[in-house]
Amino acid sequence: MVNFMEKATTFSHLVSLVLILQLLNPFLGLSSSSLGSNGQPEIPTKFLDFAQRQELVDWIVGIRRKIHEKPELGYEEFETSKLIREELDKMGIPYKYPVAVTGVVGFVGTGKPPFVAIRADMDALAMQEMVEWEHKSKNPGKMHACGHDAHVSMLLGAAKILKEHINELKGTVVLVFQPAEEGGGGAKVMIDEGALEKVDAIFGLHVAPSIPIGVVASRPGPFLAGSGMFEAVISGKGGHAALPQHSIDPILAASSVIVSLQHLVSREADPLDSQVVTVAKFQGGGAFNVIPDSVTIGGTFRAFSKESLIQIKQRIEEVIKGQAAVQRCSATVEFLEKEKPFFPPTINNKDLHEHFKSVAGDMLGNHKVIDMQPLMGAEDFSFYQEVIPGYFFMLGMQNKTRPELKFVHSPYFEINEDALPYGAALHASLAASYLLKAEPKVPLQGKLHEENLHDEL
Ligand SMILES: *[C@@H]1O[C@H](CO)[C@@H](O)[C@H](O)[C@H]1NC(C)=O
């Protein structure tokens, strides 16, 4: 996920939310019993007990460390994918492979509808790990600094829990191991290659360093922003820095461009429709006394609706070209959609939010299930949510008695492995409980689920 914790809810924020939620609880009807007779409160606690057995904990942690040692970039997750398939083989879980180059799609349950998916991303980041520990990355310049090693191990943990309780599954759980979340849009390719076939709903999670362990956080509706990237080359005419009249200065033009781009959010966007434009790259010139021929700038833009993203994209291009022209420069603008596809906003289905609150509340206690503010970070989980109802949430890792964890994408990023059993149990419980609730009262072959969902959940 792309820098999603930059504006993360702080601990104190969470504490006050907890208090408010606790106070409001009787009025909001947040208790799990409000979700009807179909709910099976024993599943979440049973699965968490199972996940916290020492044997399973050691196994999940072992897998996570193995993956951590061998990080692989998007669409190159060959060893990670092989490890996943070996573990699924050992468990006797059938799967499809390859899906989207390295992706794996496993199936646990009856093999019949309803189908519900749980998802993990497999790719690492192109950065050097700086944490000195026994299982430090052995691939120079590559690191699991976004927790995808933990995500994979938790999904395998969920597979183990589900397989062990297969007789209780009233349908099929689809295990989605996808490549290339970090900008490569792996989710989109997974969908194109059929990963969501027959699937009614999908759940995903992300580890969160600044949320307490044993706490989960999310919200219904818009949760994470949609995002796009842009890159522009602003060209003038280079020359001697002492004689500006003989040059056309692209540095000054690029500077005007950047200032004008900042007016898009401050003057053109609805203040109640959160948006971001950041220029994070500025390259040009190499000497103190030479005006360069051109400058390259690049950045990202974020918004919570497709309409806002389209609008801001169009204006970025107009402003760069127009403002460059004011300074007698020319500009080309690219949006790099091939390598870095636009991520849609992550919009959580409201019925699945109720399901999540009920299941996670039964497992962790209702006061450990927190509604949080939306974040301007982006997640390619949103591609799944464009096709079927989906739900994405944050899994707390912070333990106040230990040193503070660094944010994702830091070379000092670490996982609190105590969080892994929670993630595995939540994945498994969300899926198994969903199947119980989604089980059609009157089986209707082929009747799909938009309506069922609303009826049942
Ligand atoms: C937090 O860390 C301490 C010290 O390592 C440990 O004893 C405790 O169990 C941890 N708490 C949780 C909830 O994992």
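The values are calculated or read from the model by the stated rules, or taken from the named source; none is laboratory data. Please read these numbers as outputs of a predicted model, since none were measured by experiment. In this analysis, Cβ positions are derived from the backbone assuming ideal geometry, glycine residues included, and neighbour counts consider all displayed protein chains. All accessible areas refer to the heavy atoms of the entire protein, side chains included, with ligands and DNA or RNA removed. Shrake-Rupley method; radii C 1.70, N 1.55, O 1.52, S 1.80 Å.
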Within region 320-343, the count of residues that are crowded, with 23+ Cβ neighbours inside 10 Å, closer than 29 Å to residue 223 by Cβ and at pLDDT 95 or above comes to 0
Using beta carbons and a limit of 8 Å, which pairs, at least six apart or on different chains, have the first residue in region 74-100 and over 23 Å from residue 196 (Cβ atoms) and the second one open to solvent by 10 Å² or more (accessible area, probe 1.4 Å) and not in a loop (DSSP other than H, G, I, E, B)? 83/66; 92/163
Test residue 137 against the criterion of being more than 30 Å from residue 386 (Cβ to Cβ), small (Gly, Ala, Ser) and touching a residue at least 60 places away in the same chain (Cβ under 8 Å), and give yes or no. yes
For strands (runs of 3 or more DSSP E) lying entirely in region 153-269, having 1 or more residues that are β-branched (Val, Ile, Thr) and farther than 30 Å from residue 338 by Cβ picks out 172-178, 199-212, 216-218
Filtered residues of region 62-80 (kept if under 15 Å from residue 131 (Cα atoms) and open to solvent by less than 90 Å² (accessible area, probe 1.4 Å)): 65, 68, 69, 71
Which listed residue, of 217, 208, 280, is of a type in the set (A, V, I, L, M), within 25 Å of the chain's Cα centre (by Cα), surrounded by fewer than 18 Cβ atoms within 10 Å (Cβ to Cβ) and under 30 Å from residue 404 (Cα atoms): 280
Going through region 177-216 in order, the residues found to be touching a helix residue (DSSP H, G or I) at 6+ places or on another chain (Cβ under 8 Å), away from the ligand (no atom under 16 Å from the Cβ) and among the small types (Gly, Ala, Ser) are 180, 185, 187, 201, 204
Just checking, how many residues over region 368-423 are in contact with a Pro (Cβ under 9 Å, 6 or more places away or on another chain), within 16 Å of the ligand (Cβ to nearest atom) and open to solvent by 60 Å² or more (accessible area, probe 1.4 Å)? 4
